[in-house]
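The values are calculated or read from the model by the stated rules, or taken from the named source; none is laboratory data. Just so we're clear, the structure is a prediction, and the values are computed from it rather than from any experiment. Note that we place each Cβ from the backbone using ideal geometry, even for glycine, and neighbour counts take in every protein chain shown. Note: areas computed on protein heavy atoms with side chains; ligands, DNA, RNA excluded. Shrake-Rupley method; radii C 1.70, N 1.55, O 1.52, S 1.80 Å.
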Amino acid sequence: MTEIVLRGIQKWFGPVQVIKDLNLTIAPNEFIVMLGQSGCGKTTTLRAIAGLETIDEGDILIDGKPVQHLKCSDRDIAMVFQSFSLYPHMTVFENIAFPLRATRMGKADVDKAVREIARVLRITDLLDRRPSALSGGDMQRVAIGRALVRQPKAMLMDEPIGALDAKLREEMRAEIKRLHLKQGSTTIYVTHDQVEAMSLADRIVIMHEGVLQQVGSPEEVYSRPQNLFVAQFVGSPVMNVSPAAVRDDGGAVSVAVDATVPGFPFPRELLGHLNGHASGGALAMGIRPEGVLVSREARDGYVPVEVHLIEPLGSYDIVDLKVGEAMLRARTSAGFVPAAGERVHARIDPAQAHFFDTASGQSLGVRL
Amino acid sequence: MAAVQTTGERTLNKLAIVSVLIVTMIFLAPIYWIVSTSFKPRNLATTVPPTIVFTPEVSPFVKLMLKRSQLREQPTPEEYAAAPWWERLVFDGGEKVVRDGKGEVQLSGYPSRFLNSLIVAIISTVLAVSMGTFTAYGFSRFKVKGEDDWLFFILSTRMLPPVVVAIPMFLMYRTFGLNDTHIGLIILYTAFNLSFSVWLMKGFIDEIPKEYEEAALVDGYTRMEAFFKIVLPEAATGIAATAVFCFITAWNEYVFALIMTRRDAQTAPPFIPSQVGSGLPDWTVIAAGTFLFLLPVAIFTFLLRRHLLRGMSFGAIRK
Ligand SMILES: Nc1ncnc2c1ncn2[C@@H]1O[C@H](COP(=O)(O)OP(=O)(O)OP(=O)(O)O)[C@@H](O)[C@H]1O
Ligand SMILES: [Mg+2]
């Protein structure tokens, strides 16, 4: 039941500003995932909250109380490090018991608490081992156990499963979700893997070069990206973004991604939504691959295109379409287009299209 | 670990083992010489060629421990029969045990010198290693203004051969009344070893990822607690290695001990050769003293061998 508020956080490392005016309110029991590229300041933010890094400006409030001047040991926050940092000279049991030993807890209670956590994490039979005798997944469980055992006000996790193999990651993801549902402590989870972010988060925080880009539910950041960075960072395969020109020939409105080919038809309301941005020329259209509809026969509203490349991904194919000089990636069912070089027809689903001001990168908020 | 070896590799392996054996033998030969001499009867100690086969005796050790003087006249058979076994050994060598007025047996200078060596070497090692570890931790973990210059300065105290400062040190010590005191030698040896200890420990502590301490800090410990509970156990290997080196340096130091001490605080190294000079040297007694002197270092090193050989314990941090 802990609320964390970050207010106007600024952090410099020498001349480099790593966190730029970060404002964020994390509700009690919320699972926040911080998503961003390597070096964008995720770890630094977590370390600042934990108290391992001082901040140059701003306030960190835990349950309304400013803590930026408190030592880590007085903040009652647990952290799972990017490297697991299990103490190599202690057994798994001792590792998990270590945070409890800092408190005045009795021996029997420590024992009970450790065994309980071990049972939940299914590592009871590893308790006597040394960390060096553990697999990556086990180490990660122990690290999480160590963080959870004293029921901290908040949990910080720094890419805890980043180094595991894909299958184990999937398992661990589910496990972390399960634990959070069970324990329900306020959690900030850092990752640069968006699948992880999507599947775990109540809300996703997207950072880029120390600047917060967007905060929202996974659905929100996916379907309503606030700027070009978020649009292209979230979602795999990446959203198509290309300069676009809106053509209005009296009756029909269309959006062209290349001057030499006919535009994709759009409903007339688009003009109203674009609010004059249509004529300025500084317009970009974004469309996710699943918003590009492909047909093998010519149909109304479909534009003829050439298939440039097919990437079969098992359950679906990603098809690169050549629209004049521009490229659009579409997602089709597996084997829908038999071979590259073929001519097919494509259309853009107006409901899934995004429009951005190329100068500022901001979304124009067009929803059709 | 049973890797497949080719015939060539196997021959090479055997060759390596043989050469290691030869080198080991060369290094161990003087030690064998000392040890065997310390068990020889006096008349066999200096034979040419050396005597290899003999009945070992403990008389050199008995003589080493006791204060003795030349016999003017042979003991009477009654006297001889009444004497304990160790006194008879001294009689056999043509000497007698010196007793004080009350008839108490007088010890030679060796036991007290040996004890001095132990006191000085152990205390100075503990001081040098603990101060070095703290200093190294500070340099390793905190931003210290002019860190490189400080470290260089610390190292620079080792750049002169210590003997160069012997005379000024002697004069300073005389002024402060530190000559021939345990404290004086302890300060001296601690100062010698400190720079070495700082540098060695800094290397070891740098190797310990700072995430360990940070994890402990987040787990609710103060930095001091984190240092004792996390850094020290992790640095055990380094501490052991540093301690062995410091101990050996302090234990074997000769020149300063010779200049700075006479009786009260004299250590074994200047004492042992001082016994050579007077009259005909009894090499077996000197060998016995040297042999006993070798033991503490050997034992200390043996006890810590696991730490010295084992590398750092990695594996618990994700690389
Ligand atoms: N102690 C430090 N001194 C100087 N610069 C630092 C320090 N720690 C981090 N930085 C810099 O701050 C920036 C942000 O680092 P941070 O570790 O927060 O990134 P991150 O988002 O966690 O990246 P990753 O995904 O690779 O872990 C990086 O450019 C990094 O080089
Ligand atoms: Mg990081």
**Asked** Out of all the residues in region A:49-69, is one or more more than 12 Å from chain B (Cβ to nearest Cβ), within 24 Å of the chain's Cα centre (by Cα), within 16 Å of ligand 1 (Cβ to nearest atom) and outside any loop (DSSP other than H, G, I, E, B)?
**Response** yes
**Asked** Are any residues in region A:30-64 closer than 21 Å to A:Pro152 by Cα, buried (at least 17 other Cβ atoms within 10 Å of the Cβ) and away from ligand 2 (no atom under 14 Å from the Cβ), and if so, which ones?
**Response** A:Glu30, A:Phe31, A:Ile32, A:Gly51, A:Ile60, A:Ile62
**Request:** Scan B:Thr37, B:Thr46 and give me the residue that is modelled with pLDDT under 90 and either touching a helix residue (DSSP H, G or I) at 6+ places or on another chain (Cβ under 8 Å) or of a type in the set (S, T, N, Q) (or both).
**Result:** B:Thr46
**Asked** in a loop (DSSP other than H, G, I, E, B) and more than 16 Å from ligand 1 (Cβ to nearest atom): does that describe A:Pro28?
**Response** yes
**Message:** Residue under question is A:Glu219, and the condition is that it be surrounded by fewer than 23 Cβ atoms within 10 Å (Cβ to Cβ), touching a Cys at 6+ places or on another chain (Cβ under 8 Å) and in the same structural domain as A:Arg47 (by TED's automatic domain parsing); does it hold?
**Reply:** no
**helices (runs of 4 or more DSSP H) (entirely within region B:178-285) containing at least 3 residues that are closer than 26 Å to B:Leu303 by Cα, within 12 Å of another protein chain (Cβ to nearest Cβ) and small (Gly, Ala, Ser)** = none
**Which numbered condition A:Glu170 misses (of (1) under 28 Å from B:Glu225 (Cα atoms); (2) away from chain B (no Cβ under 14 Å); (3) open to solvent by 20 Å² or more (accessible area, probe 1.4 Å); (4) assigned to a helix (DSSP H, G or I))** = (1)
**Message:** For a quick check of your reading of the model, give me the residue pairs whose first member lies in region A:9-31 and is small (Gly, Ala, Ser), whose second is open to solvent by 10 Å² or more (accessible area, probe 1.4 Å), with beta-carbon atoms closer than 9 Å and at least 6 apart or on different chains.
**Reply:** A:Ala27/A:Glu3; A:Ala27/A:Asp202; A:Ala27/A:Arg203
**Prompt:** Counting only residues that are part of a strand (DSSP E or B) and open to solvent by less than 80 Å² (accessible area, probe 1.4 Å), which one in region A:4-15 is nearest to A:Ala78 (Cα to Cα)?
**Reply:** A:Ile4
**Request:** Scan (1) surrounded by 20 or more Cβ atoms within 10 Å (Cβ to Cβ); (2) at pLDDT below 90 for the single condition B:Trp283 breaks and write down its number.
**Result:** (1)
**Message:** Can you tell me which of (1) away from chain B (no Cβ under 14 Å); (2) within 16 Å of ligand 1 (Cβ to nearest atom) is the one A:Leu156 doesn't meet?
**Reply:** (1)
**Request:** Using the structure shown, decide if A:Gly286 is in contact with a Pro (Cβ under 8 Å, 6 or more places away or on another chain), surrounded by 14 or more Cβ atoms within 10 Å (Cβ to Cβ) and part of a loop (DSSP other than H, G, I, E, B).
**Result:** no
**Message:** I want to confirm something. Restricting to region A:173-195 and keeping residues that are away from ligand 2 (no atom under 16 Å from the Cβ) and touching an Asp or Glu at 6+ places or on another chain (Cβ under 7 Å), which single residue is farthest from the other protein chains (Cβ to nearest Cβ)?
**Reply:** A:Arg173
**Request:** Identify the residue in region A:150-167 that is more than 16 Å from ligand 2 (Cβ to nearest atom) and open to solvent by 40 Å² or more (accessible area, probe 1.4 Å) and, among all such residues, is farthest from the chain's Cα centre (by Cα).
**Result:** A:Arg150
**Request:** Go through (1) modelled with pLDDT of 85 or more; (2) over 26 Å from the mean Cα position of the chain (by Cα) and name the single condition B:Thr6 misses.
**Result:** (1)
**Asked** What is the one condition in (1) aliphatic (A, V, I, L, M); (2) out of contact with any Phe, Trp or Tyr (no Cβ under 9 Å at 6 or more places or on another chain); (3) assigned to a helix (DSSP H, G or I) that B:Met159 does not satisfy?
**Response** (3)
**Message:** Tell me which helices (runs of 4 or more DSSP H) are completely within region B:64-154 and hold 2 or more residues being open to solvent by less than 50 Å² (accessible area, probe 1.4 Å), or say none if there are none.
**Reply:** B:85-92, B:110-141
**Prompt:** Within region A:3-25, restricting attention to residues that are within 15 Å of ligand 1 (Cβ to nearest atom) and polar (S, T, N, Q), which residue is nearest to A:Ile49 (Cα to Cα)?
**Reply:** A:Gln10
**Residue tally, condition part of a strand (DSSP E or B) and open to solvent by less than 10 Å² (accessible area, probe 1.4 Å), over region A:289-316** = 5
**Request:** For region A:125-132, indicate whether the set of residues that are closer than 30 Å to A:Pro28 by Cα and in the same structural domain as A:Glu53 (by TED's automatic domain parsing) is non-empty.
**Result:** no
**Asked** What number of residues within region A:179-212 are within 16 Å of ligand 1 (Cβ to nearest atom) and open to solvent by 10 Å² or more (accessible area, probe 1.4 Å)?
**Response** 8
